[in-house]
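The values are calculated or read from the model by the stated rules, or taken from the named source; none is laboratory data. Model, not experiment: these values are computed from the prediction. Quick reminder, even Gly has a Cβ in these numbers, built from the backbone with ideal geometry, and neighbours come from all protein chains shown.
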Amino acid sequence: MTIRAYYDGYLDDAQDILGQMMDYAINNCKMDGDVYFRMFLASGIAEQFEHGNPKYIAGMTGGEIVKEVVLQQKGVELNQKEEYDLDKSPAYWCGWILAYYQWRTCRSFKRIHQFLSIKDILCMYPTHHEADEEYSVDSFNQIYERKHSHTYLKEMIDTLGITIEELSERTEISMSELKMLANDIEKMRYVDATKLYILATALRCSMDELIEF
């Protein structure tokens with residue numbers, strides 16, 4: 001059973017706020033969606049949102065979040081008025097479905113954005129916005145499976161430029177087991193927490209960055 005970061009009673013508000021956020025950034029402030037979303041990730045607010053911080057999933061408007069992100073990241077105070085059409089825009093739907101997908105899968109916004117850009121989601125609007133949310137979840141998961149062909153462990157090893165032998169020395173996990181884990185997404189899905197902690201410590205990353213789900 002998946003344990004989600006926040007109670008589903010907050011989900012409607014969270015979806016509405018993230019929808020407002022993307023609508024305000026793209027339509028009111030004329031920002032590129034992916035450029036803004038990278039700022040959202042860098043600000044740390046995305047992580048607070050996905051962890052269910054009430055300040056962000058229920059206590060602010062989407063426009064207020066954009067203003068906080070841009071002020072923190074660029075030192076610029078936005079003064080564009082928050083105006084939202086009654087007919088929800090593609091940008092609104094983009095944020096709305098992103099909030100649902102993040103909550104539903106427990107994948108971080110950072111991880112989602114690695115395989116699914118804001119531009120990609122906006123292009124899906126005509127065929128997905130009137131369908132049930134689970135239709136979008138299935139579509140997003142298909143993209144994830146298609147693009148995610150290597151384990152996060154292997155990607156981390158390659159990024160750091162270390163060898164399996166070096167990692168084996170750091171972790172005291174056999175080279176054969178490390179090779180198996182690095183090349184088998186299913187095995188990494190079920191690796192025990194102690195071993196995951198040892199790997200994350202050796203690679204100087206969080207356990208979340210190695211988890212497959």
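In region 17-39, of all residues being under 15 Å from the mean Cα position of the chain (by Cα) and among the aromatic types (Phe, Trp, Tyr), the one that is surrounded by the most Cβ atoms within 10 Å (Cβ to Cβ) corresponds to 37.
The residue list 46, 14, 5 contains one member that is hydrophobic (A, V, I, L, M, F, W, C), surrounded by 14 or more Cβ atoms within 10 Å (Cβ to Cβ) and at pLDDT below 95, which is 5.
Scanning region 130-153 for residues that are without any contact (Cβ under 8 Å) to a residue 40 or more places away in the chain and not in a helix (DSSP H, G or I), we see that the one that is nearest to residue 201 (Cα to Cα) is 150.
Here residue 136 meets each of (1) at pLDDT below 95; (2) buried (at least 19 other Cβ atoms within 10 Å of the Cβ) with one exception, condition (1). None of 188, 156, 180, 124 is in a helix (DSSP H, G or I) and touching a Ser or Thr at 6+ places or on another chain (Cβ under 6 Å) except 188. Listed by first and then second residue, the pairs with beta-carbon distance under 9 Å, at least 6 apart or on different chains, first residue in region 97-120 and in contact (Cβ under 8 Å) with a residue 24 or more places away in the chain, second among the acidic types (Asp, Glu) and part of a loop (DSSP other than H, G, I, E, B), are 118/32; 119/32.
Taken over region 159-177, the residue count meeting the criterion of being in a helix (DSSP H, G or I) and either in contact (Cβ under 8 Å) with a residue 24 or more places away in the chain or within 22 Å of residue 110 (Cα to Cα) (or both) is 5. Residues in region 1-44 that are touching a helix residue (DSSP H, G or I) at 6+ places or on another chain (Cβ under 8 Å), farther than 15 Å from residue 100 by Cα and β-branched (Val, Ile, Thr): 26 alone. Tallying residues that are among the polar types (S, T, N, Q) and under 16 Å from residue 18 (Cβ atoms) within region 118-139 yields 1. Listed by position, the helices (runs of 4 or more DSSP H) contained in region 16-88 that have at least 3 residues being free of Cβ contacts under 8 Å to residues at least 60 places away in the same chain and of a type in the set (Val, Ile, Thr) are 62-74.
Table: residues versus (1) farther than 17 Å from residue 45 by Cβ; (2) out of contact with any helix residue (DSSP H, G or I) (no Cβ under 8 Å at 6 or more places or on another chain).
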{"site": "58", "(1), (2)": "no, no"}
{"site": "61", "(1), (2)": "no, no"}
{"site": "66", "(1), (2)": "no, no"}
{"site": "71", "(1), (2)": "no, yes"}
{"site": "78", "(1), (2)": "no, no"}
{"site": "88", "(1), (2)": "yes, no"}
{"site": "93", "(1), (2)": "yes, no"}
{"site": "97", "(1), (2)": "yes, no"}
{"site": "102", "(1), (2)": "no, no"}
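Looking across region 187-213, the residues that are modelled with pLDDT under 90, closer than 24 Å to residue 103 by Cβ and either over 19 Å from the mean Cα position of the chain (by Cα) or basic (Lys, Arg) (or both) come down to 188, 189, 190. Being over 13 Å from residue 18 (Cα atoms) and surrounded by fewer than 18 Cβ atoms within 10 Å (Cβ to Cβ) is true of residue 142.
Assess whether residue 116 counts as being within 11 Å of the chain's Cα centre (by Cα) and at pLDDT 95 or above.
yes
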